[in-house]
Amino acid sequence: MIYTVTFNPAIDCIMQVQDLEFGRVNRAVTQEFYFGGKGVNVSYVLRNLGRTSTAWGFVAGWTGAALERALQDDGIETGFVHLPAGNTRMNAKLKGTVLGSDDDVETAVNAGGAPIDDASLQEFFDLLDTVQPDDFVILSGGVPKGTPKDIYARIMEALDGRGAHIIVDATEEVLVQSLSHKPFLVKPNDEELAEIVDCDPYDVDALIEGARKLQSLGAENVLVSRGGLGSLLLDETGNLQIAPVIPGTLVNSVGAGDSVVAGFVEGYLRATEAGLSGADAYAEAYKLAQACGSATAFSPWLAPTELVEQLLSQLDS
């Protein structure tokens, strides 16, 4: 079983606006709603790949109910804890041109999340009792203000000894705190890794040494995303793979990193189900991770199945 954890999910309201003028009423050309948050995005990509997952986390109020219902309608199982106060955040994003300019821009206003009370946090920890050996637990993104900074480490401590594969996709401090619990995979980007090990994010050799340091501190596999510069994977066998970015036109960067995580998990599962192990399994996981990340980057939303398979075939050829 795969569980994705999103402490701070969101509904994004994206409006296309032409000749945006601040200080007056503007009319949107289009309006679309997207239900997300980093772990939720992972669940959506896994669904596109034909893999079942359960989305865990916290929702609140009518917006939280709408988000949970939308995921269920889209075929994603949920196990959210319902907070007693507040609302799940709704973000506003305006895309289009500003009056007097022909350049396309995006203006975003991101809301804060509902506070997580102690009773709700305990309810979430009770869910962890359902995790079984070889399950995957994916911890993604930030947490609402007031939530303990070591919350991911506490979750991993609660899962110690269960034999689960834990993945951490979080910022520097949260990621570093998780390492002693030996996560199956950590996925910093180049800037986050450079901040952790104090190196130049453009120095590939320094990033490789940084990945080795994260391994020495407990991470089994380290996947470093580098945006337009590609990525690198240092797997638990010590094998290093470096890949350039797949050529294509950037359409959307939101969720690309989450798509990489989903692709790695699905690729690893496909490989092990086919009887592969070790470096061979991780090579397959890495290829699908690249294909999923690029498929999202080249699309309006998350990793369309047909495009993922098309890009994967390019990497296999």
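Considering only DSSP beta bridges with both partners in the chain, what is the antiparallel share in %, to the nearest 5?
About 40 percent, rounded to the nearest 5.
Set the bar at 21 Å for Cα to Cα. Now go through Lys38/Lys93; Lys145/Lys182; Lys149/Lys187 and name every pair that lies beyond it.
Over 21 Å Cα-Cα: Lys145/Lys182.
Pop a pseudo-label 7 angstrom from the Cα along the beta-carbon direction at both Thr52 and Ala274 and give the gap in nm to one decimal.
2.3
Take the Cβ-Cβ distance between Asn110 and Thr305 as r, set R0 to 35 Å, and report the resulting FRET efficiency rounded to the nearest 0.05.
After rounding to 0.05, the efficiency reads 0.75.
Measure off 7 Å from each Cα along the Cα-to-Cβ vector at Gln314 and Ser180, then give the distance between these two points in nanometres to one decimal.
About 4.4 nm separates the two model spin labels.
Pop the C-beta distance of Arg27 and Asp200 into the FRET formula with R0 = 51 Å and round what comes out to the nearest 0.05.
0.65
Just order 185-192, 142-149, 78-85 by mean Cβ neighbour count inside 10 Å, highest at the front, would you?
So the peptides 185-192, 142-149, 78-85, ranked by packing, come out 185-192, 78-85, 142-149.
Can you tell me which of Val40, Val245, Val98 moves the most in a GNM of the chain? Springs connect C-alpha atoms under 10 Å apart.
Maximum fluctuation in the GNM of the chain, among the listed residues, is at Val98.
Could you please report the charge total around Val105, scoring K, R as +1 and D, E as -1 over all other residues with beta-carbon less than 14 angstrom from its beta-carbon?
Residues close to Val105 contribute a combined charge of -4.
Placing unit charges on C-beta atoms (Lys and Arg positive, Asp and Glu negative, everything else neutral), compute the dipole magnitude of the range 52-149 about its Cα centre in debye, rounded to 20.
I would put it at about 420 debye.
For the chain, what is the mean residue ellipticity at 222 nm derived from helices alone (per DSSP H run of n ≥ 4: -39500 (n - 2.57); sum divided by total residues; nearest 500 deg cm²/dmol)?
Taking each H run of at least 4 residues, the total per residue is -12000 deg cm²/dmol.
Which value, in debye to the nearest 20, gives the size of the charge dipole of the chain about its Cα centre, when Lys and Arg are +1 and Asp and Glu are -1 at the Cβ?
540
I'd like the FRET efficiency for Gln18 and Glu191, computed as 1/(1 + (r/R0)^6) with the beta carbon distance as r and R0 of 35 Å, rounded to 0.05.
Computed FRET efficiency for Gln18 and Glu191 comes out at 0.55.
Where a number appears in this text, it was derived from the coordinates with a stated rule and is not lab data. Note that the coordinates shown come from a computational prediction; the quantities given were computed from them, not determined experimentally. Ideal geometry is used to build each Cβ from the backbone, glycine not excepted, and the neighbour counts take in all protein chains shown.
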